[in-house]
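One structure is given here, and the rest of the page talks about it.
The values are calculated or read from the model by the stated rules, or taken from the named source; none is laboratory data. Keep in mind the model is a prediction, meaning the values are calculated, not measured. Here Cβ is always computed from backbone atoms with ideal geometry, including for glycine, and neighbour counts include all displayed protein chains. Just so you know, the surface numbers come from the protein's heavy atoms only, side chains and all, with ligands and any DNA or RNA stripped out. Shrake-Rupley method; radii C 1.70, N 1.55, O 1.52, S 1.80 Å.
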Protein chains: 2
Amino acid sequence: MAAAIAVADADGIGAVSMRAVAAALHTGAGSLYRYLSSRDDLLDLMVDQAAGELRPYPEAGDDWLDTMLLLARRQLDLYRRHPWLVAVLPRPTAPGPQSLAWFDHCLAVLRPVPAATTTKFEAIAMMIGVTSLFARQETAAPPVGFTGIDLAAYPNLAAAITDPSPSAPRDLFATTVRSVLRGLLVDDAG
Amino acid sequence: MAAAIAVADADGIGAVSMRAVAAALHTGAGSLYRYLSSRDDLLDLMVDQAAGELRPYPEAGDDWLDTMLLLARRQLDLYRRHPWLVAVLPRPTAPGPQSLAWFDHCLAVLRPVPAATTTKFEAIAMMIGVTSLFARQETAAPPVGFTGIDLAAYPNLAAAITDPSPSAPRDLFATTVRSVLRGLLVDDAG
DNA sequence: CTAAAACTGCAAACGCCGTTCGCGGTTTCG
DNA sequence: CGAAACCGCGAACGGCGTTTGCAGTTTTAG
């Protein structure tokens, strides 16, 4: 499993083939099936192993929103360390113990929030999703320039990219996460 | 290409193999390479073809936020019609003409918003991302019950799922999209 | 009209993939 | 010590994306 994660970190999730992992272990591909039922099984184990890196969890502070943002940042860092995670996560699979523990901790942080359980679940799911979106965008190699695009057909886009109006630098991730959590969990801001 | 979309709608993106598409066209797999350079090429064409279904675009109304939400709903409906889209989109690929046209329309809707161009780009990207998150969640077959999970190890989760506090039904998608767009595009709400 | 050029469909083949299976060799346990 | 369990291994199966050479057809040029 550690070998599989090493391969994924180095060459991407596409390089995590049974033969490649087995080769890293100096053994044959078929031998892995003594311990795994399938490749999906291996991926599940890799995900939960990576989720374990989120420990130790930061303590809950005074402001639950700040704490949640800190949790989100930790997860974003995890995605940066293991870019293959964002590609592997969106499979319909049961969460492992480490993932459940992290989810449990999120619920603990949200304890002082007066919202329904269902709402909290949705909010956490959204926070995870938004974090994965940012990780994916960062991973995508070059911020696609508009080379080779006929701008004549897209007037608004043409006008936009020639607009030199500067934007004040800000923490886009923090802004988005806060907006989502506040929008879902705080009544008057819905 | 229409054949490929038909296969994907019926049996998922995994069933879109060169041989399957060729079989639907009563031809051989290799023959497709007379018109496509690779399988990724086919997927790109499928995506842009699907993006064409977003036309005609709804006219911009008085409230740009309402209009953007309507655009997001149209896109969510598209994802519902073609669930394979959410699995195919997150590849690093250049957007096709239909996708660009839709993006251009979004910029037109955001014209009255006093924000930097970069900010608008980020906001649109986030809207697309959040929409895909919802589509993915809907597609994921059964809302995973907590069967077979040892709740003893996760106290907060155990307490949460036994909590019968009802939540007022609300439009989660609208709430989230509005929160994100407002958080990114409206100054005082950051 | 004819000959050359371009295009098209097709089957076979290559190398990769996940997975299964049966074989000997090794370890563990009664 | 013998039996049972476990282990690693190579071969094999079917499927995948893709390449390639060969016929047949269509278009173009002389």
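A few comments on the model shown:
- The set of residues from region A:34-51 being farther than 30 Å from A:Val186 by Cα and touching a residue at least 12 places away in the same chain (Cβ under 8 Å) comprises A:Arg39, A:Asp40, A:Leu42, A:Leu43, A:Asp44, A:Leu45, A:Met46, A:Val47, A:Asp48, A:Gln49, A:Ala50.
- For region B:147-166, the condition of being modelled with pLDDT of 95 or more and assigned to a helix (DSSP H, G or I) holds for none of the residues.
- The condition of being farther than 22 Å from A:Leu100 by Cα and near DNA strand C (Cβ under 7 Å from one of its atoms) holds for only one of A:Val21, A:Val16, that being A:Val16.
- Enumeration of residues in region B:3-16 that are without any contact (Cβ under 8 Å) to a residue 24 or more places away in the chain and open to solvent by 50 Å² or more (accessible area, probe 1.4 Å): B:Ala6, B:Ala10, B:Asp11, B:Gly14
- Exactly one residue out of A:Gly61, A:Gly52 is more than 7 Å from DNA strand C (Cβ to nearest atom), closer than 30 Å to A:Ala174 by Cα and modelled with pLDDT under 90: that is A:Gly61.
- Note on region A:78-123: among residues that are among the hydroxyl-bearing types (Ser, Thr, Tyr) and within 30 Å of B:Arg91 (Cβ to Cβ), the one that is nearest to the other protein chains (Cβ to nearest Cβ) is A:Thr93.
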